[in-house]
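Below: one structure, written as structure tokens.
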Amino acid sequence: MNDDQQKAFMTALGTEHFALQGARGQINAEITGRAALYLATVSSTLIAFGFVARDRSAFVPFAAAVLPALLILGEFTFIRLVAASVEDLRYLYAIQQIRTYYRGLVPDGLTFFADITISNPRVAATHAMGMSPSSLNIVFTAGSMIAAINSIVAGIGIALILRDAGLVIAIAASCGAITALVIYGLHLRWALSRYVVGLAALTGNTAA
């Protein structure tokens, strides 16, 4: 590679680095916006429930109409947040690859760019965020937060149905809690599989 090609390459590499950072900013703005929209909807729904709670003739049809809609919105939000988070990690990994190249240009670069192993995308992405490459990290994502709230909403819906069917409050509430835990676990399992596949695709190792 001659000098002109090297200069053109460095310009293109810097542009790619900037574009990746911009893409990460857009993805995180989308994640924040979607999560805020869902949480605002949940808050509005709880306020509306407070107004109709004393009137059973209004509460039952209202809950039957609103809870399914809230669950559907939550599922759509969760699915998109997981996809967006995977996309963000892919951008972050690409940035770490560029930074690793920067680090090797001159000896002085060792001072300014962290030494991050890029052979494993999962390690590279989590290390850049100051986290260990543990599967438990999925619990701290925005998607996990939405999944938790949506699972609780589903559990409440089950509890209300069972209570309306004549079961005592303790049994109905217990069934609702168990339902919420099971649904939340299924969400985490699905999300983790998406993260594994998404990161493994970066190295062509779809079996990871």
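We did not get these values from a lab; they are worked out from the coordinates using the rules stated. Computed from a predicted model, the values in this text were never measured in an experiment. Backbone-built Cβ (ideal geometry, glycine too); neighbour counts: all protein chains shown.
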**Request:** Would you mind putting 9-17, 154-162 in packing order, based on average other-beta-carbon counts within 10 Å, highest first?
**Result:** 154-162, 9-17
**Message:** Considering all alpha-carbon pairs of segment 1-83, what whole percent are spaced by more than 17 angstrom?
**Reply:** 65 percent
**Asked** For the pair Gln21 and Ile161, what calculated FRET efficiency results from E = 1/(1 + (r/R0)^6), where r is the Cβ-Cβ distance and R0 = 41 Å, to the nearest 0.05?
**Response** 0.30
